[in-house]
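These notes concern the structure reproduced below.
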Amino acid sequence: LNILVIHGPNLNLLGQRETNIYGSTTLGQINDLLEREAQSLDVSVSTIQSNSEGELVDAIQSCLGKYQGSILNAAAYTHTSVAIRDAIAAVSLPTVEVHLSNIYRRESFRHHSYIAPVVLGQISGFGARSYLLGLHALVGYLKDSNL
Ligand code: DQA
């Protein structure tokens, strides 16, 4: 199984950005943790980060034929992007939405996700661990459906 992990805007600054909210783990460390977890689950992960909405749409489209599922932290685009939602719906591959912070206990503009209705499920609030939980959930789902 090949899984693409997609990180959205400002997540390249993890480790220095609002550490009281997002923690001190850097994006590189999160990617290392994901790779290690993937090995133990006997799957392979690739990772990509972009600050631009169009590149995230391209990344989602690029999954077709290459990846069996994806883990997506669309960051602020979660709350604004119909284009990213439509890309997920278009490729129709299982996607797990993850957030480091619990978006429901923050400002009200973060309470709505355009992406939530088109994903397999959402994990929010467990810091870097949200990604690992997302990976486990996705791999479990894919193995169950025998893909
Ligand atoms: C985030 C939550 C978003 O509201 C925010 O814009 C982010 C990160 C998270 O992982 O907690 O940039 O997706």
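Checking the structure you have, find out if any residue of region 89-98 is within 11 Å of the ligand (Cβ to nearest atom) and either surrounded by fewer than 17 Cβ atoms within 10 Å (Cβ to Cβ) or on the phi < 0 side of the Ramachandran plot (or both). Checked region 89-98: at least one residue is within 11 Å of the ligand (Cβ to nearest atom) and either surrounded by fewer than 17 Cβ atoms within 10 Å (Cβ to Cβ) or on the phi < 0 side of the Ramachandran plot (or both).
Taking first residues from region 60-74 that are closer than 12 Å to V5 by Cβ and among the polar types (S, T, N, Q) and partners that are away from the ligand (no atom under 16 Å from the Cβ) and in a strand (DSSP E or B), the Cβ contacts under 6 Å between residues at least 6 apart in sequence or on separate chains come to S70/L4.
Scan region 107-144 for residues that are free of Cβ contacts under 8 Å to residues at least 12 places away in the same chain and near the ligand (Cβ under 9 Å from one of its atoms) and the total you get is 1. Of the numbered criteria (1) in a strand (DSSP E or B); (2) surrounded by fewer than 20 Cβ atoms within 10 Å (Cβ to Cβ), the one S70 fails is (2).
Condition (residue is assigned to a helix (DSSP H, G or I), among the small types (G, A, S) and either in contact with a helix residue (DSSP H, G or I) (Cβ under 6 Å, 6 or more places away or on another chain) or under 18 Å from D86 (Cα atoms) (or both)) applied to region 27-37: is it met by at least one residue? Steps first, please.
At the first step, the residues of region 27-37 found to be assigned to a helix (DSSP H, G or I) are 27-37.
Checking which are among the small types (G, A, S) leaves us with 28.
Going one step further and asking which of them are either in contact with a helix residue (DSSP H, G or I) (Cβ under 6 Å, 6 or more places away or on another chain) or under 18 Å from D86 (Cα atoms) (or both), we end up with none.
Looking for residues that are assigned to a helix (DSSP H, G or I), among the small types (G, A, S) and either in contact with a helix residue (DSSP H, G or I) (Cβ under 6 Å, 6 or more places away or on another chain) or under 18 Å from D86 (Cα atoms) (or both), one finds none in region 27-37, hence no.
Within region 29-50, being within 16 Å of the ligand (Cβ to nearest atom) and of a type outside the set (A, V, I, L, M, F, W, C) holds for Q29, N31, T47, Q49, S50.
As for region 135-146, it holds no residue that is over 25 Å from E37 (Cβ atoms) and part of a helix (DSSP H, G or I). Would you call I103 within 25 Å of N31 (Cβ to Cβ), out of contact with any Leu (no Cβ under 9 Å at 6 or more places or on another chain) and crowded, with 20+ Cβ neighbours inside 10 Å? Taking the combined requirement at face value, the residue satisfies it.
None of the figures in this text is laboratory data; all of them are computed from the coordinates on show. Bear in mind that the values here come from a model prediction, so they are computed numbers and not experimental data. So basically every Cβ, Gly included, is an ideal-geometry build from the backbone, and we count neighbours across all protein chains shown.
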